Amino acid sequence: MPKILPLSEQVILITGASAGIGAALAETLATQFSGVRLVLAARNQSKLEAVASNCCKVGAQVLTVPTDMVQTEQVKDLAKRAVEYFGKVDVLVNNAGYGQMGPMELIPSEAVKEQFAVNFHAPLTLTQSLVPLMRERGWGRIVNISSLGGRIPFPATGMYSCSKFALEALSDVLRMELKGFNIEVVVVEPGPVVTDFFRAAWEKVQQNIPDYAKSPYAPLFENIESIDRQLDLLGWSAEKTAKVIAKAIAACNPKPRYVAATGGNMLIFMMTKIFPTWARDAFWKRFYGIDKVEREWKRKNSQVKI
């Protein structure tokens, strides 16, 4: 068994590091483990540099690599540049991700491709790029940031759940395939986090579904703003979530999964083990406003003469 270096001597690559959870994680690691070497990737270079500056002030060594996670060649180049600069990557944190809101029927195929490119294909590409080097060195750790939505499917955010379910399956397969090479695979599942997630998701709705207000799902879209407010009341800060991820990175024997949400383990247990399907469906339909869609549809059709 190779000797595992202290975290302060490891190289950690974090995607989606310009804001939110990724930025909070970078600054948490830099503060807790002086001298840690970080590779920070995201699209926005100026924001990346600001995060890097904060990390360097407390002793971290930082490489920033502006990367569009949709572009496979840029993702491959990210792995290459990290290894060229630091000589290795000990820990890969696949954090970059975003959500699509809206019913599955209305999401354009290009938006579906983009959702999976960022939330699934980019983590897979980085993993494929770095696993051979981790195996050669005799150790590595891959931390995939999923979501409660990767264990429990939610209507109105279904495409996001699909991409996170895929990431969860990838993580389970990799955990089994890579364990023999001393490469550990861990999943972190945040619940609601107070970030720009819903603002970005709403922008995607306006971009991808311009006629949403005229669709049969109009009552659902009217409900989105109230959902955002409700989830904000339950949401963790990015910093609190980052501490759970840092724990998963630093653990000598990490658990396969870490839930980063108040009552998250209980929610998963209730929704997957206790509630019958009809009850679970009814709960989420009411929460996300699908019940309003159904009532409006029945009301309109009751007025139609056959």
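The values are calculated or read from the model by the stated rules, or taken from the named source; none is laboratory data. What you see is a predicted model, and the numbers here were worked out from it, not measured in a lab. Ideal geometry is used to build each Cβ from the backbone, glycine not excepted, and the neighbour counts take in all protein chains shown.
Here are some notes:
- Search result, residues across the stretch 68-103 that are at pLDDT 95 or above, of a type in the set (S, T, N, Q) and within 16 Å of the chain's Cα centre (by Cα): Asn94, Asn95
- Unmet requirement for Glu84, which otherwise passes all of (1) closer than 14 Å to Val11 by Cα; (2) touching a residue at least 40 places away in the same chain (Cβ under 8 Å): (2)
- Boolean, Arg135 is more than 11 Å from the chain's Cα centre (by Cα), among the basic types (Lys, Arg), within 20 Å of Ile12 (Cβ to Cβ) and buried (at least 20 other Cβ atoms within 10 Å of the Cβ): no
- Val193 being crowded, with 21+ Cβ neighbours inside 10 Å, at pLDDT 85 or above and touching a Pro at 6+ places or on another chain (Cβ under 8 Å): no
- Ala52 satisfies every condition listed in (1) within 20 Å of Ile142 (Cα to Cα); (2) in a helix (DSSP H, G or I) except (1).
- The stretch 88-100 - residue that is outside any strand (DSSP E or B) and touching a strand residue (DSSP E or B) at 6+ places or on another chain (Cβ under 8 Å) and, of those, farthest from Leu220 (Cα to Cα): Lys88
- Set side by side, the residues Ala60, Ala30, Ala42, Ala79 differ, and just one is more than 24 Å from Ala238 (Cα to Cα) and crowded, with 22+ Cβ neighbours inside 10 Å, which is Ala79.
- Meeting the requirement of 1 or more residues that are without any contact (Cβ under 8 Å) to a residue 60 or more places away in the chain, out of contact with any Lys or Arg (no Cβ under 8 Å at 6 or more places or on another chain) and hydrophobic (A, V, I, L, M, F, W, C), the helices (runs of 4 or more DSSP H) wholly within the stretch 232-306 are 238-250, 264-269, 277-288.
- If you check Arg37, Arg43 for being of a type in the set (Lys, Arg) and over 26 Å from Cys252 (Cα atoms), only one passes: Arg43.
- Residues in the stretch 29-66 that are at pLDDT 95 or above and among the hydroxyl-bearing types (Ser, Thr, Tyr) were compared, and the one that is nearest to the chain's Cα centre (by Cα) is Thr64.
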